[in-house]
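One structure is given below, encoded as structure tokens.
The values are calculated or read from the model by the stated rules, or taken from the named source; none is laboratory data. These numbers were taken from a predicted model, which means no experiment stands behind them. Backbone-built Cβ (ideal geometry, glycine too); neighbour counts: all protein chains shown.
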Amino acid sequence: MDAASLYKSLDQPDRADHLWRYTPWKRVHPSGDLDEIPIAASPKLTLTNLDDSSALVGISVEEGVVGAEVLPESDEVTASFIRAAAKESVYTLRVENNFVSNSPIMLDIDTGDSNCALHLTLDIGRNCEFELITQISGAAPWTGFLRTGRIGDGSILNDVVIGHTDTGILLRVDSIAIGRDAQVKAGTVSSGSERTKADLRYKMGETGGHLNVLGSILSAKEMHLDHHIEIHHDAPETFSRLDWHSACGGNSRTVGTGMLRVAKGARGADAGQLFHNLLLSDKAEADSIPELEVSEHDVVGCGHGTANGPVDEDQMFYLESRGFDTEEAKDALIAAFLNSTLVEMGSEALHSWLAEHLQEELEDLNS
Amino acid sequence: MASDKPVLEISNLHAGIDDTPILRGINLEIPAGEIHAIMGRNGSGKTTTANIIMGHPDFDVTDGTVELDGGDLLEMEPWERAREGVFLSFQYPQAVPGLQVGNFLRKTVAAIRGEDVAKGAEFRKTLKDAMTELDIDRSFLGRYVNDGFSGGEKKRFEILQLMLLQPKLAILDETDSGLDIDGIRTVAKGINAAVRGTDSGALIITHYSRILEHVQPDKVHVLIKGRIVKSGGPELALELEERGYEWLETEAENSA
């Protein structure tokens, strides 16, 4: 069955579902008519080395190659919808075995200014070691971005996705398998779109996988940024941590829902998730719901937590006593709060690029 | 040119928190180039005095004036006071996870002393020299402000800021607590370097006379129940060390 037929055969999402509780499908569908699958344009993709202009060897983006399927753990509605909308926009990021890059690789996705969809497969070989920044920018009213694929055995990947569209809706789905002994940092930096619905799912289906999922989310004005993260520990000796920081100002709302599933047989699994929300105005709202389903008794640990609060007044006074005016102190504390997760996403080069990006975002929001 | 006005002049200061009076009429003058000490038991109002000079929003001033070089501090926001030259070395400095020390130092120096002072080779040299003097490792710059610092590291970091910011008035609130004797010597060196021979003034707040063995105060004031009940030379600190505070409390009660 093709993706469009699959989508049309499915029941509409139920708001009782964990995934759809805060952002109904209608709010992130391009037209609101749920039966309609729009014709979406293909974005412009550019793959470069962040630090130099040397030709990339061992890593490439191939057009029209349908790579990995969507994991059965993923939500069928969003995945099939984006696949159908991205029928003419299918790419694979192919990375050869043993590929190593000392400077971050940048994948720019320019959405253009009309509805845009992309299905990108990550086909990352064995024992690779590199950092990938995927930046989504542009003025599309609606962008659908589906990533499927697998991180090869023994690979070390820092994978950061930046949602940086000017306005509009971003619907993002990750459906990614982590290979044996692979070490992955999956970062999300989100600050641009008016409305984001992201459904990020990772399958730890092979022994020794190690995953850190990190979020630095900045919302302001009327933004609504909803991120759902699911981590499935199916194999023994797998490790995951989720650390999600959202700073929420203006009339905006952030939502972070987490699901940690440890299957029977995933002995020695070690998993934890933490959501932190910084509320910057009385009208801002932040919801975090971490959930656990643990079916294996022999685990190292499984925990979850959430913390919400306004800007700390003692920290404000400390910075003001050091000459930061009230706005500067507040901005420094927001940046520090988001930096706590940002700094964990990768190398110093990656971090300094991300920190600069974040600083620009803060300045934009204040202007 | 130095002003004729004292660096700090506090007159009849009454203040409190949530309608509870803490300071009951403090008068204090610190001329340029002088170091004064305020001593007193816990709860006598020492830290409140420091916080009010810096402008902590939790405290209400009900009467009196606080002037820096003749300018009315009570009308200013805390950051304006800092830019005018007030520096408070906190008893419990706040941790700011995510804010790197190097970045923070550049920003605070830029805010208080100007953008030009906070960049370039000269700033890097000043920073390096101050860190060497305070025995602070270079790796400090990559850490987060006061996050995971030991008690001694926090106090050295406060003094590092004092040395870089070169304030008109340095208030050091219990800077000796949490420091071993070597730490006190190092910190005392930093305080002396920042104040002696300059037009600045300093106010050292302490329980004990230990730090005063290394930073010779020009005057010592004893604070009891929100009032300065006795002022004297450095010998007063030694007398307090020997006799404690009880005799002064008795005197204060008898004269009330």
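Report yes if B:Leu13 is surrounded by 15 or more Cβ atoms within 10 Å (Cβ to Cβ), within 14 Å of chain A (Cβ to nearest Cβ) and at pLDDT 95 or above, otherwise no. Against the criterion (surrounded by 15 or more Cβ atoms within 10 Å (Cβ to Cβ), within 14 Å of chain A (Cβ to nearest Cβ) and at pLDDT 95 or above), B:Leu13 does not qualify. Taking the criterion of being at pLDDT below 95 and in a loop (DSSP other than H, G, I, E, B), the residues of segment A:176-201 that qualify are A:Ser191, A:Gly192, A:Ser193, A:Glu194. The number of residues in segment B:169-185 being more than 13 Å from chain A (Cβ to nearest Cβ) and either over 17 Å from B:Thr206 (Cα atoms) or among the small types (Gly, Ala, Ser) (or both) comes to 4. Scanning segment A:299-342 for residues that are farther than 21 Å from B:Pro167 by Cβ, of a type outside the set (S, T, N, Q) and in contact (Cβ under 8 Å) with a residue 12 or more places away in the chain yields a count of 21. Using the structure shown, decide if B:Ala188 is among the aliphatic types (A, V, I, L, M), over 24 Å from B:Gly70 (Cα atoms) and either buried (at least 17 other Cβ atoms within 10 Å of the Cβ) or free of Cβ contacts under 8 Å to residues at least 24 places away in the same chain (or both). Yes, satisfied.
In the set A:His297, A:His357, only one residue is more than 14 Å from chain B (Cβ to nearest Cβ) and assigned to a loop (DSSP other than H, G, I, E, B); that residue is A:His297. In segment B:53-64, of all residues being more than 21 Å from A:Asp312 (Cβ to Cβ) and crowded, with 17+ Cβ neighbours inside 10 Å, the one that is farthest from the chain's Cα centre (by Cα) corresponds to B:Gly64.
Among residues of segment A:306-339 being part of a loop (DSSP other than H, G, I, E, B) and under 32 Å from the mean Cα position of the chain (by Cα), the one that is nearest to the other protein chains (Cβ to nearest Cβ) is A:Asp312. Of all residues in segment A:340-352, those that are touching a strand residue (DSSP E or B) at 6+ places or on another chain (Cβ under 7 Å) and either assigned to a helix (DSSP H, G or I) or at pLDDT below 85 (or both) total 7.
Is it the case that segment B:104-119 has a residue that's free of Cβ contacts under 8 Å to residues at least 24 places away in the same chain and touching an Asp or Glu at 6+ places or on another chain (Cβ under 8 Å)? Yes: one or more hits. Checked against the criterion of being modelled with pLDDT under 95 and surrounded by 21 or more Cβ atoms within 10 Å (Cβ to Cβ), segment A:51-68 has no qualifying residue. On the basis of being of a type in the set (Gly, Ala, Ser) and outside any loop (DSSP other than H, G, I, E, B), does B:Ala15 make the cut? So B:Ala15 fits the description; yes. Taken over segment A:118-161, residues that are part of a strand (DSSP E or B) and more than 28 Å from A:Gly205 (Cα to Cα) amount to 5. Taken together, the residues in segment A:237-252 that are touching a Phe, Trp or Tyr at 6+ places or on another chain (Cβ under 9 Å) and either among the β-branched types (Val, Ile, Thr) or surrounded by fewer than 21 Cβ atoms within 10 Å (Cβ to Cβ) (or both) amount to 1. Condition check: away from every other protein chain (no Cβ under 14 Å) and either assigned to a loop (DSSP other than H, G, I, E, B) or more than 28 Å from B:Val145 (Cα to Cα) (or both). Does B:Asp4 satisfy that? In short, yes.
Here is the figure for segment B:69-82: residues that are within 14 Å of another protein chain (Cβ to nearest Cβ) and either of a type in the set (Val, Ile, Thr) or crowded, with 19+ Cβ neighbours inside 10 Å (or both) total 5. Filtered by the rule that a residue be buried (at least 21 other Cβ atoms within 10 Å of the Cβ) and of a type outside the set (Ser, Thr, Tyr), segment B:191-200 gives B:Ile191, B:Ala194, B:Val195.
Scanning segment A:183-195 for residues that are touching a Lys or Arg at 6+ places or on another chain (Cβ under 9 Å), over 29 Å from A:Gly152 (Cβ atoms) and of a type outside the set (D, E, K, R) returns no hits.
Confirm whether A:Glu291 is modelled with pLDDT under 95 and within 11 Å of chain B (Cβ to nearest Cβ). No, not satisfied. Restricting attention to segment A:182-197, and to residues there that are surrounded by fewer than 24 Cβ atoms within 10 Å (Cβ to Cβ) and free of Cβ contacts under 8 Å to residues at least 40 places away in the same chain, which single residue is farthest from A:Met223 (Cα to Cα)? Filtering first and then ranking leaves A:Gln183.
State all residues of segment B:94-148 that are aromatic (Phe, Trp, Tyr) and within 13 Å of chain A (Cβ to nearest Cβ); if no residue qualifies, say none. Listed by number, the residues that qualify are B:Phe104, B:Tyr144. For B:Asp129, the stated conditions hold: it is surrounded by fewer than 16 Cβ atoms within 10 Å (Cβ to Cβ) and either part of a helix (DSSP H, G or I) or out of contact with any Pro (no Cβ under 6 Å at 6 or more places or on another chain) (or both). Keeping to segment B:1-36, report how many residues are of a type in the set (A, V, I, L, M) and over 18 Å from B:Lys225 (Cβ atoms). Number satisfying all stated conditions: 7.
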